[in-house]
Amino acid sequence: MIKLTNHSPPVWEYPKYEPGEPVGLFIPCYIDQFFPASGEATVELLRRQNVPVEYPKEQTCCGQPAFNSGYWDEARRVVRHFCDTFEPYRWIVGPSGSCTAMCRVFFEQVDPDPRIVEIGRRVVELTEFLVNVLGVTDTGARYPHKVALHIGCHTRRELGVVDPPMTLLRSIRDLEYHELPNMEECCGFGGTFSVKMAGTSLAMGRTKVENLAKCGADVLVSPDTSCLMHIEGLLRRDPATRHIQTKHLAEILVADE
Amino acid sequence: MSDTSHLHGAEFLKSQTAGLSEPAGSKALGESTERSAKQVREMAATIPQWQDWREAAHRIKRYAVAHLDKLLAEFERNISVRGVTVLYAADAAEANRLVIQIAQEHGVKRVVKSKTMVSEEMELNHALADVGVTALETDLGEYLVQLAGQRPTHIVTPALHLSAEDCGRLFADKLDEPYTAEHKALTDIARRHLREEYLRADMGVSGVNFAVAETGTIAIVENEGNAGLSTSAPPVHVALMGIEKVIPRIEHLPVFLNLLGRSGTGQKLTSYTHLIHGATPGKKMYVIILDNGRTRALADPKTRVALACIRCGSCLNNCPVYRRVGGWAYGWVYPGPIGSIITPQLVGLEKAGKLPFASSLCGACAEACPVKIDIAHQLVYLRHRAAKEPSPVRSMAERLMWKSWAWSMSGPLRYWLTMTAVRIGVRLAKFLPWHPLQLGAWTRGRELPRVPKATFRGNWRHNEK
């Protein structure tokens, strides 16, 4: 179980990963349905580190949409299903900081049952697992493009995972890094916030897109596909930004172009 | 932004929260808050003990909030031995009655006020006007807002929405001064008009930043000297404070002063820090301690921490939503993330249940909070309560929607059926002439994601065979 040693900013203490230990692969619902390439790149990255990957087919969602909307009783049902599904695994790895934060930080609010809390505390975000747990700093990728990085707010502030995606990105050969101005500010996705407070969400998203266009990157990568879904939607709407692509960080960490 | 002076309390709340989802957009507000947030972050980064200060302040406040009964009594005992009268008010109406009573007892006609957020909660200026007493704001920002007949947009910098040009026009219009947009000339005008008022006033009203139980001291921080004058020049001084302002010991004060100046305005220390132990000789002093819904926040162990707030405004400056919607959109005295967690507790979820939803839950507020209030987590918790308790967001339709969602996410076959329907829906959406509800809210400014041929699980099954 991963232990919280400081809460603001969060600092975690990880158990030791024993070589050959299988990880339960957690592919969040929207990645499964709309962005399977991110999931497949995740599998590839883990296998290259000789980590056996198992994908429990019973899995659905972490419960975050209902939790963030205030419907905790409904979220609890889904959280319990998640825990039943992943209980056999000591390590649960997923390519989404936001869903990881739901499991690790928020499960205990939905359901204080120690079993639920303990299983939630086994969930690790992909880049965090690679860098903080396995000690990987270079995945051997080559990606000759102009790339900017966006770190989702749950990844950044609930998990405190900022260095791992940065470290891995910097290791990529021939990559031209363009820093996103004001990169700490939220992109405005916020789950159901994006439709409940659509005007405000869009105003925040437009700022992000303006900054992205300003920094000159052709590709925006992130450990958070949910933010990218919102940013990509905005980019595609405007002919001036349609050329900018969005990709999960894992996809360029396995690239060899 | 429109003139809102005619709106009071809950009426104001009801009419304004529409601005949370459709921001009016003020570029200047966004830029100035972003600038000040950055300044504070950079300053904090140079202080190795910053996180320790935050933790210490958090613990002191948690202790104080848990021992209010004892600490308030101790504070009262220690300040009243020096002739200060301490009064308690359960709500805004009672507090107004007390202030009016004091004013009438001393034959007060004119009041000067330094900054007090509690008086905004009470709408004290209106209450005094009703009994023929004039109240004048002396904090420059509050003065401008009062002249303009508006409400503050920010708890620390109330006139953040006004440009120098706006101020020049306001002075020309209301004070018959020649127009100028030059900063020094503007402050000189304000100073000239205000100076006379301190001498003419019969009573001064102030807020309280910290009330020290051990010594019976009230601490007031400010930058303009107006609080010093308002509390000492007139014959009567009334200090207004919420019950949560008390801290146990005088040695606890420095950590808060260190955090408050830096978090609020990026200053190492505010220009003035007043420690008031009693009335100026020959004058009279009162302290009114107000509950006004605070014990509601205290009653729930999960929300109690909100009472640790020291009103620095840092969460406002760091909030991407506040930056775009401005202070008035929150509909009451306290805007921004802290407003979204305390307003529902002070005025009730039935009036302010919508506020906790005005957040993307990015957590920039909690990261900036000098007393480590987990504001983002509080917001989600209050959403949970707003969905259950009487509130403008509680809806049977939405509950049913989430119930069916929970059912469909509790097994792989149901998940497959639901998601297949979603995929078909997303594919067909582009053929619809009009997008209803949430779909429309998404597509009014964004494209829907492209639907790939296969899902991850489909490919996995195929490849792992």
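The values are calculated or read from the model by the stated rules, or taken from the named source; none is laboratory data. None of these values were measured; they are calculated from a predicted model. FYI the Cβ positions are ideal-geometry reconstructions off the backbone, even for glycines, and counts take in every protein chain you see. What goes into the accessible areas is simple: the full protein's heavy atoms, side chains included, and nothing from ligands, DNA or RNA. Shrake-Rupley method; radii C 1.70, N 1.55, O 1.52, S 1.80 Å.
Here is a check on your reading of the model: is residue A:226 open to solvent by less than 20 Å² (accessible area, probe 1.4 Å) and at the interface with chain B (Cβ under 10 Å from one of its Cβ atoms)?
Details: open to solvent by less than 20 Å² (accessible area, probe 1.4 Å): yes; at the interface with chain B (Cβ under 10 Å from one of its Cβ atoms): no.
When the stated conditions are applied, residue A:226 does not pass them.
Only one of B:260, B:275, B:253, B:240 is under 21 Å from residue B:370 (Cβ atoms), hydrophobic (A, V, I, L, M, F, W, C) and surrounded by 23 or more Cβ atoms within 10 Å (Cβ to Cβ). Can you tell me which? Just one listed residue meets the conditions, B:260.
Determine, yes or no, whether residue A:179 is over 23 Å from residue A:103 (Cα atoms), open to solvent by 40 Å² or more (accessible area, probe 1.4 Å), within 14 Å of chain B (Cβ to nearest Cβ) and under 21 Å from the mean Cα position of the chain (by Cα).
Values: over 23 Å from residue A:103 (Cα atoms): yes; open to solvent by 40 Å² or more (accessible area, probe 1.4 Å): yes; within 14 Å of chain B (Cβ to nearest Cβ): no; under 21 Å from the mean Cα position of the chain (by Cα): yes.
No, not satisfied.
State yes or no: is residue A:50 away from every other protein chain (no Cβ under 14 Å), part of a helix (DSSP H, G or I), open to solvent by 30 Å² or more (accessible area, probe 1.4 Å) and in contact with a Pro (Cβ under 8 Å, 6 or more places away or on another chain)? No, not satisfied. Taking the numbered list (1) open to solvent by less than 10 Å² (accessible area, probe 1.4 Å); (2) within 29 Å of residue A:193 (Cα to Cα); (3) not acidic (Asp, Glu) in turn, residue A:76 passes all entries but (1). Residues that are within 8 Å of another protein chain (Cβ to nearest Cβ) and surrounded by 15 or more Cβ atoms within 10 Å (Cβ to Cβ) within the range B:409-425 comprise B:409, B:410, B:412, B:415, B:419, B:422, B:423, listed in sequence order.
Table: residues versus (1) open to solvent by less than 30 Å² (accessible area, probe 1.4 Å); (2) of a type in the set (S, T, N, Q).
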site: B:143; (1), (2): yes, no
site: B:150; (1), (2): no, yes
site: B:155; (1), (2): yes, no
site: B:161; (1), (2): no, no
site: B:195; (1), (2): no, no
site: B:199; (1), (2): no, no
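Against the condition within 16 Å of residue B:260 (Cβ to Cβ), open to solvent by 10 Å² or more (accessible area, probe 1.4 Å) and either at pLDDT 95 or above or not assigned by TED's automatic domain parsing to the domain that holds residue B:64 (or both), how does residue B:324 come out, does it pass? It is false that residue B:324 is within 16 Å of residue B:260 (Cβ to Cβ), open to solvent by 10 Å² or more (accessible area, probe 1.4 Å) and either at pLDDT 95 or above or not assigned by TED's automatic domain parsing to the domain that holds residue B:64 (or both).
Okay, residues lined up against (1) surrounded by 21 or more Cβ atoms within 10 Å (Cβ to Cβ); (2) at pLDDT 95 or above; (3) touching a strand residue (DSSP E or B) at 6+ places or on another chain (Cβ under 8 Å); (4) closer than 27 Å to residue B:142 by Cα:
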{"residue": "B:3", "(1), (2), (3), (4)": "no, no, no, yes"}
{"residue": "B:35", "(1), (2), (3), (4)": "no, no, no, yes"}
{"residue": "B:67", "(1), (2), (3), (4)": "no, yes, no, no"}
{"residue": "B:79", "(1), (2), (3), (4)": "yes, yes, yes, no"}
{"residue": "B:113", "(1), (2), (3), (4)": "yes, yes, yes, yes"}
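The residue pairs whose first member lies in the range B:374-397 and is at the interface with another protein chain (Cβ under 9 Å from one of its Cβ atoms), whose second member is open to solvent by 60 Å² or more (accessible area, probe 1.4 Å) and in a loop (DSSP other than H, G, I, E, B), and whose beta carbons are closer than 8 Å, counting only pairs six or more residues apart or on different chains, are B:381/B:302; B:386/B:354; B:386/B:394; B:387/B:394; B:388/B:394; B:393/B:354.
Scanning the range B:342-394 for residues that are within 28 Å of residue B:54 (Cβ to Cβ) and not in a loop (DSSP other than H, G, I, E, B) yields a count of 25. Listed conditions (1) facing another protein chain (nearest Cβ under 10 Å); (2) open to solvent by 20 Å² or more (accessible area, probe 1.4 Å); (3) in a helix (DSSP H, G or I) are all met by residue A:213, apart from (1). Counting only residues that are assigned to a helix (DSSP H, G or I), open to solvent by 40 Å² or more (accessible area, probe 1.4 Å) and either over 25 Å from residue A:53 (Cα atoms) or aromatic (Phe, Trp, Tyr) (or both), the range B:426-461 holds 5 of them. Remark: pairs (first residue in the range A:232-245, at the interface with chain B (Cβ under 8 Å from one of its Cβ atoms); second residue open to solvent by 70 Å² or more (accessible area, probe 1.4 Å) and not aromatic (Phe, Trp, Tyr); Cβ separation under 8 Å; 6+ apart in sequence or on different chains) = A:234/A:206; A:236/A:242. For residues that are within 18 Å of residue A:190 (Cα to Cα) and open to solvent by less than 10 Å² (accessible area, probe 1.4 Å), scanning just the range B:339-359, find the one that is farthest from the other protein chains (Cβ to nearest Cβ). Selected residue: B:341. Test residue B:312 against the stated conditions and say whether it is touching a helix residue (DSSP H, G or I) at 6+ places or on another chain (Cβ under 9 Å), at pLDDT 95 or above and within 12 Å of chain A (Cβ to nearest Cβ). For residue B:312, the condition - touching a helix residue (DSSP H, G or I) at 6+ places or on another chain (Cβ under 9 Å), at pLDDT 95 or above and within 12 Å of chain A (Cβ to nearest Cβ) - is not met.
Among the residues of the range A:53-73, count how many are surrounded by fewer than 22 Cβ atoms within 10 Å (Cβ to Cβ) and not β-branched (Val, Ile, Thr).
Let us first name the residues in the range A:53-73 that are surrounded by fewer than 22 Cβ atoms within 10 Å (Cβ to Cβ), namely A:53-58, A:65, A:73.
Going one step further and asking which of them are not β-branched (Val, Ile, Thr), we end up with A:54-58, A:65, A:73.
Result for the range A:53-73: 7.
Residue A:82 meets each of the listed conditions (1) within 8 Å of chain B (Cβ to nearest Cβ); (2) over 20 Å from residue B:459 (Cβ atoms) apart from (1).
With the requirement that a residue be small (Gly, Ala, Ser) and either without any contact (Cβ under 8 Å) to a residue 60 or more places away in the chain or within 8 Å of another protein chain (Cβ to nearest Cβ) (or both), what does the range A:14-36 give you? Result: A:20, single match. Checked against (1) surrounded by fewer than 24 Cβ atoms within 10 Å (Cβ to Cβ); (2) more than 12 Å from the chain's Cα centre (by Cα); (3) outside any helix (DSSP H, G or I), residue B:311 passes all but a single condition, namely (2).
Across the range A:152-167, the number of residues qualifying as open to solvent by 10 Å² or more (accessible area, probe 1.4 Å), within 14 Å of chain B (Cβ to nearest Cβ) and part of a helix (DSSP H, G or I) comes to 5. Taken as a whole, the structure leaves residue B:371 outside the set of residues that are farther than 23 Å from residue A:188 by Cβ, surrounded by fewer than 24 Cβ atoms within 10 Å (Cβ to Cβ) and more than 8 Å from every other protein chain (Cβ to nearest Cβ).
Screening residue B:363 against (1) on the phi > 0 side of the Ramachandran plot; (2) more than 14 Å from every other protein chain (Cβ to nearest Cβ); (3) touching a His at 6+ places or on another chain (Cβ under 8 Å); (4) not hydroxyl-bearing (Ser, Thr, Tyr) leaves a single unmet condition, (2). Residues that are in contact with a Lys or Arg (Cβ under 7 Å, 6 or more places away or on another chain) and open to solvent by 20 Å² or more (accessible area, probe 1.4 Å) within the range A:187-210 comprise just one, A:203. If you check A:39, A:63 for being within 8 Å of another protein chain (Cβ to nearest Cβ) and at positive phi, only one passes: A:63.
I need every pair where a residue in the range B:231-260 that is touching a residue at least 40 places away in the same chain (Cβ under 8 Å) and of a type in the set (Ser, Thr, Tyr) has its Cβ under 8 Å from the Cβ of a residue that is assigned to a loop (DSSP other than H, G, I, E, B) and open to solvent by less than 10 Å² (accessible area, probe 1.4 Å), sequence separation at least 6 or different chains. These pairs meet every condition: B:231/B:114.
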